[in-house]
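Visitor: First the structure, then my questions, so here it is.
The values are calculated or read from the model by the stated rules, or taken from the named source; none is laboratory data. Quick caveat, the model's predicted, so the values are computed rather than measured. Quick reminder, even Gly has a Cβ in these numbers, built from the backbone with ideal geometry, and neighbours come from all protein chains shown.
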């Protein structure tokens with residue numbers, strides 16, 4: 001494992017982190033709590049020190065299960081969690097990842113933080129993130145002073161913004177980095193979905209903001225496991241996506257064989273190394289739901305980095321839409337990409 005320091009902080013994060021939404025929401029078909037705890041403990045053994053969760057993941061389960069697994073090593077890990085969705089008053093089942101109302105008031109902030117601290121069994125949170133805020137939340141002049149107060153009290157160490165739910169939200173990302181004193185920006189970014197991530201990385205470099213990347217494998221397409229015959233379980237969130245999303249992605253994947261065949265790295269490891277070629281990216285959060293996959297992704301930083309020729313060829317392929325007809329690109333636009341927390 002390798003580690004990078006979050007800009008403007010002493011925090012050192014593993015370049016591969018563990019996002020708990022796959023093991024706490026049921027949207028990836030994982031509902032075995034013992035498996036979840038085992039995966040988290042195995043991740044720590046492999047050198048993963050950054051764990052990203054949210055209060056709304058499983059209505060608190062994403063935090064309690066992290067505490068169940070790793071509370072004995074709390075001082076050796078970095079915890080990121082999120083707030084903003086008011087599941088306390090809107091806890092009904094969310095079919096197809098339907099969003100629930102948000103509350104970014106200073107009052108809800110403090111309440112949500114105290115609940116997260118209790119579930120995590122800790123007295124501080126390393127990285128506290130606004131969960132998918134709209135512009136009205138970023139414009140809230142009471143919210144950010146309240147976050148600064150919590151920093152002064154030692155209850156949070158750093159705060160930032162998570163963009164979502166689907167890929168996009170460039171305006172919110174730029175505004176939060178330009179106008180608010182955030183340390184961290186989390187976004188969706190990967191080989192197949194590079195916009196608006198490319199622009200957000202430019203702004204992050206200008207403002208010295210650390211970037212966390214989720215969905216680095218384009219919801220599994222870049223894991224190299226799927227075929228045109230793949231069918232997702234009804235409990236898996238990808239079952240809500242149009243079939244064109246899968247077919248379109250597989251056609252693009254064929255164009256990327258040069259990155260993994262004969263290079264000593266899998267396509268899943270390539271997806272991570274491509275992201276780590278950007279120095280502003282501090283940690284990558286692959287979707288993890290079994291041990292084999294965890295060990296493959298955790299080993300990614302030790303594989304050969306992408307060279308300039310490979311990076312240049314990827315850029316050219318993306319610029320030409322991988323040689324596909326523009327009409328087929330519709331399946332991977334933000335509107336069709338589905339909900340991603």
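Visitor: Among the residues of segment 287-314, what is the count of those that are assigned to a loop (DSSP other than H, G, I, E, B) and modelled with pLDDT under 95?
Guide: 4
Visitor: Looking for something out of contact with any helix residue (DSSP H, G or I) (no Cβ under 6 Å at 6 or more places or on another chain), over 15 Å from residue 113 (Cα atoms) and assigned to a helix (DSSP H, G or I) - is there at least one such residue anywhere in segment 173-184?
Guide: Yes, there is a match, as at least one residue in segment 173-184 is out of contact with any helix residue (DSSP H, G or I) (no Cβ under 6 Å at 6 or more places or on another chain), over 15 Å from residue 113 (Cα atoms) and assigned to a helix (DSSP H, G or I).
Table: residues versus (1) more than 19 Å from residue 113 (Cα to Cα); (2) crowded, with 22+ Cβ neighbours inside 10 Å.
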site	(1), (2)
23	yes, yes
40	yes, yes
43	yes, yes
46	yes, no
51	no, yes
59	no, no
63	no, yes
73	yes, no
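Visitor: Right, next: Only one of (1) over 25 Å from residue 18 (Cα atoms); (2) surrounded by 15 or more Cβ atoms within 10 Å (Cβ to Cβ); (3) over 20 Å from the mean Cα position of the chain (by Cα) fails for residue 174. Which number is that?
Guide: (3)
Visitor: Still on this structure: Residue 100 passes all but one of (1) in contact with a strand residue (DSSP E or B) (Cβ under 8 Å, 6 or more places away or on another chain); (2) more than 21 Å from residue 211 (Cα to Cα); (3) without any contact (Cβ under 8 Å) to a residue 40 or more places away in the chain; which number fails?
Guide: Of (1) in contact with a strand residue (DSSP E or B) (Cβ under 8 Å, 6 or more places away or on another chain); (2) more than 21 Å from residue 211 (Cα to Cα); (3) without any contact (Cβ under 8 Å) to a residue 40 or more places away in the chain, only one is false for residue 100: (3).
Visitor: Quick check on this structure: which one of 185, 222 is at pLDDT below 95 and touching a strand residue (DSSP E or B) at 6+ places or on another chain (Cβ under 9 Å)? Explain how you work it out, then say what you get.
Guide: Details: 185 fails: at pLDDT below 95.
Only one candidate qualifies: 222.
Visitor: Now a separate question. Identify all residues within segment 185-225 that are assigned to a loop (DSSP other than H, G, I, E, B), over 13 Å from the mean Cα position of the chain (by Cα) and closer than 23 Å to residue 313 by Cβ; write none if there are none.
Guide: 191, 192, 194, 195, 196, 224
Visitor: Given the options 179, 118, name the one that is free of Cβ contacts under 8 Å to residues at least 40 places away in the same chain and exposed (fewer than 15 other Cβ atoms within 10 Å of the Cβ).
Guide: Testing whether each residue is free of Cβ contacts under 8 Å to residues at least 40 places away in the same chain and exposed (fewer than 15 other Cβ atoms within 10 Å of the Cβ) leaves just 118.
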